[in-house]
Amino acid sequence: MRSAELTLPGFVHDLCSAIHPMAAASPFVQSLPLHEYGLELINPPVLAAHPFDDGRSAILTESLAGTADRLGADERAYRSTFEPLLKQWPDIVNDASGGVAESAGEEFPSDAV
């Protein structure tokens, strides 16, 4: 992964990397004192975009409604797929983040490496 100032001075972007929404949602990452090191997780208005050959694109925003409202005929399918997941998120976040929240701060057994 590389980083560079692509848009404005002081705004550094990761090149050739995926977005990492799970990091921001992770209870473990949320427990880290990032602010003590001058770090802040920020989100742009459009989190990701997928361009199509015809010039249109699909975009991902921070809200389910913000994304769904832009999907036209696919809005209903998107909502029916992701609304249940969003409602269950507090109950499944630890499983979705690989159990990192439960193991944060614990020492790993020496034979686990």
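The values are calculated or read from the model by the stated rules, or taken from the named source; none is laboratory data. All values reported here derive from a predicted model rather than from experimental measurement. Here the Cβ is made from the backbone with ideal geometry for all residues, glycine too, and neighbour counts use every protein chain on show.
Conditions (1) under 23 Å from I42 (Cα atoms); (2) hydrophobic (A, V, I, L, M, F, W, C); (3) at pLDDT 90 or above, marked per residue:
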{"position": "E75", "(1), (2), (3)": "no, no, yes"}
{"position": "D91", "(1), (2), (3)": "no, no, no"}
{"position": "E102", "(1), (2), (3)": "no, no, no"}
{"position": "G105", "(1), (2), (3)": "no, no, no"}
{"position": "V113", "(1), (2), (3)": "no, yes, no"}
*For region 52-94, name all the residues that are over 25 Å from V29 (Cβ atoms), basic (K, R) and either under 19 Å from the mean Cα position of the chain (by Cα) or outside any helix (DSSP H, G or I) (or both).*
R56, R70, R79
_Qualifying position, being of a type in the set (D, E), loosely packed, with under 11 Cβ neighbours inside 10 Å and in contact with a strand residue (DSSP E or B) (Cβ under 9 Å, 6 or more places away or on another chain), among E5, E40, E36_ = E5
*asked:* Contact list please: Cβ distance under 6 Å, first residue in region 1-21 and more than 19 Å from L39 (Cβ to Cβ), second residue assigned to a loop (DSSP other than H, G, I, E, B) and modelled with pLDDT under 70, pairs at least six apart or on different chains.
replied: none
*With (1) more than 23 Å from D14 (Cβ to Cβ); (2) at pLDDT 85 or above; (3) surrounded by 12 or more Cβ atoms within 10 Å (Cβ to Cβ) as the list, and E62 as the residue in question, which single condition is left unmet?*
(1)
*Which ones in region 1-41 are in a loop (DSSP other than H, G, I, E, B), among the small types (G, A, S) and at pLDDT 75 or above?*
G10, S26, G38
*Going through region 65-84 one residue at a time, which ones are in contact with a strand residue (DSSP E or B) (Cβ under 7 Å, 6 or more places away or on another chain) and β-branched (V, I, T)?*
T67
